[in-house]
Amino acid sequence: MKYLLSLLLFISTSAVFAQANKEIVVEKTIEVGQKLKIKPCKLGQTEFIAIDIYARTKPYESKTINKATGEGLMEAFFSDKSIDAKRLPCVMSNQSYTIAAYHEFEVEKELKRVVLCYTTYPLTLIWIELDKALELGEIDFE
């Protein structure tokens, strides 16, 4: 059974619908295994603002990961310091990636929601700050 998460996205609209400052609530379901599209970068950007890429230099223990729910992925992948991180470059945009896990945690009394996605390289993960990436229009769900 796939791990489901209902996600409410608050999208502020303006004159597009002829009524300024009206909020629309859109409900989306995120499933581990679902595809997520990283949209093209905005003109003039060379990297994303809310999306990072993490690459390990050593293999990690993948036997502890529940691939159906994504449980254990964050702990296994980030288990040691053999990781290189940087902002996702725009050359990796306009592609779909498989959702590997979803995590919520508190940072300085603020809830952070993160989606991890697999890439074609087994020692690499894409880290998406969900709320910020949605706000900036960097991602879309398929």
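The values are calculated or read from the model by the stated rules, or taken from the named source; none is laboratory data. Remember, predicted model here, so these are calculated numbers, not experimental data. Neighbour counts run over all protein chains shown; Cβ positions are idealised from the backbone, glycine included.
Tell me the strands (runs of 3 or more DSSP E) entirely within segment 73-141 that contain at least 2 residues that are on the phi < 0 side of the Ramachandran plot and among the aromatic types (Phe, Trp, Tyr). Break it down stepwise before answering.
Working: elements: 83-89, 95-107, 110-118, 124-129, 139-141.
Ranges flagged: 95-107.
Would you mind stating whether Ile53 is closer than 18 Å to Ile30 by Cα and either modelled with pLDDT of 95 or more or among the basic types (Lys, Arg) (or both)?
Spelling it out, it is not the case that Ile53 is closer than 18 Å to Ile30 by Cα and either modelled with pLDDT of 95 or more or among the basic types (Lys, Arg) (or both).
Among the numbered conditions (1) surrounded by 12 or more Cβ atoms within 10 Å (Cβ to Cβ); (2) farther than 22 Å from Ile30 by Cα; (3) of a type in the set (D, E, K, R); (4) at pLDDT 95 or above, tell me where Lys86 comes up short.
All conditions pass for Lys86, except number (1).
Okay, residues lined up against (1) buried (at least 17 other Cβ atoms within 10 Å of the Cβ); (2) without any contact (Cβ under 8 Å) to a residue 12 or more places away in the chain; (3) not acidic (Asp, Glu):
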{"position": "Glu47", "(1), (2), (3)": "no, no, no"}
{"position": "Ala55", "(1), (2), (3)": "no, no, yes"}
{"position": "Tyr97", "(1), (2), (3)": "yes, no, yes"}
{"position": "Ala100", "(1), (2), (3)": "yes, no, yes"}
{"position": "His103", "(1), (2), (3)": "no, no, yes"}
{"position": "Leu111", "(1), (2), (3)": "no, yes, yes"}
{"position": "Glu129", "(1), (2), (3)": "yes, no, no"}
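Can you tell me which residue is farthest from Gln34 (Cα to Cα) among those in segment 52-72 that are among the β-branched types (Val, Ile, Thr) and outside any strand (DSSP E or B)?
Thr57
Considering only segment 120-142, state which residues are β-branched (Val, Ile, Thr) and modelled with pLDDT of 95 or more.
Thr124, Ile126, Ile128, Ile139
Residues of segment 33-48 being within 19 Å of Phe141 (Cβ to Cβ) and either over 13 Å from the mean Cα position of the chain (by Cα) or in a strand (DSSP E or B) (or both), which ones?
Lys35, Leu36, Lys37, Ile38, Pro40, Cys41, Phe48, listed by residue number.
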